[in-house]
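The values are calculated or read from the model by the stated rules, or taken from the named source; none is laboratory data. Keep in mind that this is a model prediction, so the values were computed, not measured. Ideal geometry is used to build each Cβ from the backbone, glycine not excepted, and the neighbour counts take in all protein chains shown.
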Amino acid sequence: MANENLQATIEKLRKKLELIVIGVLAFLLAGIGKLYLDDQNQTRPEVPAPQPAHLDKVLPNANAEETEAKFSIKSSLDENKQFIGLIRFNVFQVLTAEDRKALEQKAMSNYEAAFIAFKQNKLAEAQDMCQRILSELPSHQKTKDLLDAIDKKLKAADAAKKAEATPGPGSPPQPRPAAAGQPGQPRPPGQ
């Protein structure tokens, strides 16, 4: 008897199996549709605009102004002189040994002219020459050293102008320029 009832129930389920499968599939399809619509109707969270970076004030010390100047943010890379050579440098430029040698000779002759302009105190002209050399050959170390020396000399001249404009009691003595051959000084051509 129990066996007959079980057989009858199985038979009824087989007859209604198609309806049960269609019902389950319709339920799953409706659930997937609801999830999809919920995902599409969500409002995106507002992303706040990035805040400009700022440095904490440097404690008063002898190098505070220089440190703040070093880390000041320029509005674009084109305005920052130390990145211009990197921007223009092409890593994939293939040069033969002869081309490289010719480029180095040209850079050396231009360096000599820049060094002469530096010695004649034509700093702007020497600076322009150095930047042109470094745009063609960014690895020319003598030119980098000369450009650093020019920048130091220009900064010293600016500091001297400021000191002359506002002399006061107890003002620090002006730094004397270092003699050629000392650290921080450019090397003359041929050394």
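Annotations for the structure displayed:
- Test: residue in the stretch 138-156 that is within 12 Å of PRO189 (Cβ to Cβ), without any contact (Cβ under 8 Å) to a residue 40 or more places away in the chain, surrounded by 20 or more Cβ atoms within 10 Å (Cβ to Cβ) and among the polar types (S, T, N, Q): yes
- In the stretch 118-129, the residues that are farther than 13 Å from ALA157 by Cα reach residues that are polar (S, T, N, Q) with C-beta atoms within less than 7 angstrom, at least six apart or across chains, in these pairs: MET129/ASN110.
- Among the conditions (1) modelled with pLDDT under 90; (2) in contact with a Gly (Cβ under 9 Å, 6 or more places away or on another chain), the only one that ASP148 does not satisfy is (1).
- Any chance ASN90 is under 28 Å from the mean Cα position of the chain (by Cα) and at pLDDT 70 or above: no
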